[in-house]
Amino acid sequence: MSARQSKLLSLDAFAKTVEDAKIKTTSGGIITLVCVLVVLMLIRNEYTDYTTLVTKPELVVDRDINKKLDINLDITFPNLPCDVLTMDILDISGEAKVDILKSGFEKFRLVDGQEVADETPVLNGLNVFDLIKTDDHSGPCGSCYGALPQEGYCCDTCEAVRVAYANKEWAFYEGKDIEQCELEGYVARVIERINRKEGCRIKGTTQINRILGNLHFAPGASHTAPGQHVHDLSLYNKYKENFNFDHVVNHLSFGKDPESDLIDSTHPLDGHRKDINEKYHLYSYYIKVVASRFESLNKAKTLETNQFSVIQHDRPLKGGRDKDHQHTLHAKGGIPGVFFYFEISPLKLINREEYAKTWSGFVLGVISSIAGVLMVGTLIDRSVFAAEQVIKGKKDM
């Protein structure tokens, strides 16, 4: 044998087996059947992985951060008439929305469990600067009862007087003895609705800036000034046995709210109910909103939405120890109401639908499964065969 042939023999990766390896045994047949079954099972698992759809997330910077964001809200207050309730939206830029109807929301009175459209809503957030000035007024000028200078403004309606009182931080109560309110029937209407223990449902959509802010419901007319935001609690405080901010969040979402089978839910607060039955209680929801896009495998279905997480907290305004957790102390003060504090993330979450394995990964997995099982089977077969030979040799002695 030449030296060149000797080198080639040393590189032979497919060395021939010994003569004993050609012997067929019962144990070898059993091991072969077991190996075949294991290989088929592993191939089936590889195919299942190959055809399984998974969602892979990716975080990117949200390029729409400067655009307005829709907030969709539907909330019910079963123990609070619409005439007592005010909704405000504030953010850290100083922008404030205090007009429920102009912001895209609707009020519905709850009378004996039935929803009734509020045909004569009061105080939808009229601002003091929207009041009619005397220079632009024709005819008799309604009195503001000292809340605003008479030479500068005219309060021709009950709503105008109420807003003027709010800006002066005066108690308005039911508007009794105020001529405009008496003539409009506002006083009688409010007292009737309070005595009937009506509730209120507010639903609609408005837009907010993509920055820190809050949307809150509180009693009475509100007044916003540099460094402060106050509400007139006079009517709320007057009726000791009435009113509380127990509520049901029927729906809360951000952005467009399309129906899709790509995700289960992006509305963790839907159907959330609070029934504490405490008049002076503050409910807070801290919401973190993240813009999200869901891309299906065929790219035909793409869902643009917003997901959010929420932390809930509530406390009595009197402060003190928590009834359920004696080692927890609540702060004292504040106003009764429901506050939604929202923070918009500057990042966007993209969820792409993909197969768990590629075609090449599937083929590689199948080959690896077959090779691995055959190698283990070979080792087991050799061990069993060697053991059988040893036992046979001892019997022949």
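Checking the structure you have, find out if any residue of region 189-202 is within 38 Å of the chain's Cα centre (by Cα), farther than 30 Å from Lys288 by Cβ, charged (D, E, K, R) and at pLDDT below 80.
There is no residue in region 189-202 that is within 38 Å of the chain's Cα centre (by Cα), farther than 30 Å from Lys288 by Cβ, charged (D, E, K, R) and at pLDDT below 80.
For Val128, indicate whether it is modelled with pLDDT of 75 or more, surrounded by fewer than 19 Cβ atoms within 10 Å (Cβ to Cβ) and closer than 27 Å to Val84 by Cα.
Spelling it out, it is not the case that Val128 is modelled with pLDDT of 75 or more, surrounded by fewer than 19 Cβ atoms within 10 Å (Cβ to Cβ) and closer than 27 Å to Val84 by Cα.
I want to confirm something. Restricting to region 85-110 and keeping residues that are under 19 Å from Gly337 (Cα atoms) and not in a strand (DSSP E or B), which single residue is modelled with the lowest pLDDT?
Here the answer is Asp99.
State whether one or more residues within region 167-188 are part of a helix (DSSP H, G or I), farther than 26 Å from Ala218 by Cα and at pLDDT 85 or above.
Scanning region 167-188 turns up at least one residue that is part of a helix (DSSP H, G or I), farther than 26 Å from Ala218 by Cα and at pLDDT 85 or above.
State whether one or more residues within region 55-77 are at pLDDT 80 or above and farther than 30 Å from Val289 by Cβ.
no
Test each condition in (1) out of contact with any Pro (no Cβ under 9 Å at 6 or more places or on another chain); (2) surrounded by 11 or more Cβ atoms within 10 Å (Cβ to Cβ) for Ile311 and report the one that comes out false.
Of the numbered conditions (1) out of contact with any Pro (no Cβ under 9 Å at 6 or more places or on another chain); (2) surrounded by 11 or more Cβ atoms within 10 Å (Cβ to Cβ), the odd one out for Ile311 is (2).
Is region 217-230 home to any residue that is assigned by TED's automatic domain parsing to the domain that holds Tyr283, buried (at least 20 other Cβ atoms within 10 Å of the Cβ), on the phi > 0 side of the Ramachandran plot and modelled with pLDDT of 80 or more?
yes
Go through region 344-379 residue by residue and tally those that are surrounded by fewer than 16 Cβ atoms within 10 Å (Cβ to Cβ), at pLDDT 85 or above, of a type outside the set (A, V, I, L, M) and assigned to a strand (DSSP E or B).
Total meeting the criteria: 1.
Given the conditions (1) closer than 18 Å to Ile71 by Cβ; (2) among the acidic types (Asp, Glu); (3) in contact (Cβ under 8 Å) with a residue 60 or more places away in the chain, report the number of the one that Glu304 does not fulfil.
In the conditions (1) closer than 18 Å to Ile71 by Cβ; (2) among the acidic types (Asp, Glu); (3) in contact (Cβ under 8 Å) with a residue 60 or more places away in the chain, Glu304 misses (3) alone.
Quick one: count up the residues across region 192-204 that are surrounded by 15 or more Cβ atoms within 10 Å (Cβ to Cβ) and outside any loop (DSSP other than H, G, I, E, B).
Here the count works out to 8.
The values are calculated or read from the model by the stated rules, or taken from the named source; none is laboratory data. What you see is a predicted model, and the numbers here were worked out from it, not measured in a lab. Glycine also receives a Cβ, built like all others from the backbone with ideal geometry; neighbour counts cover every protein chain displayed.
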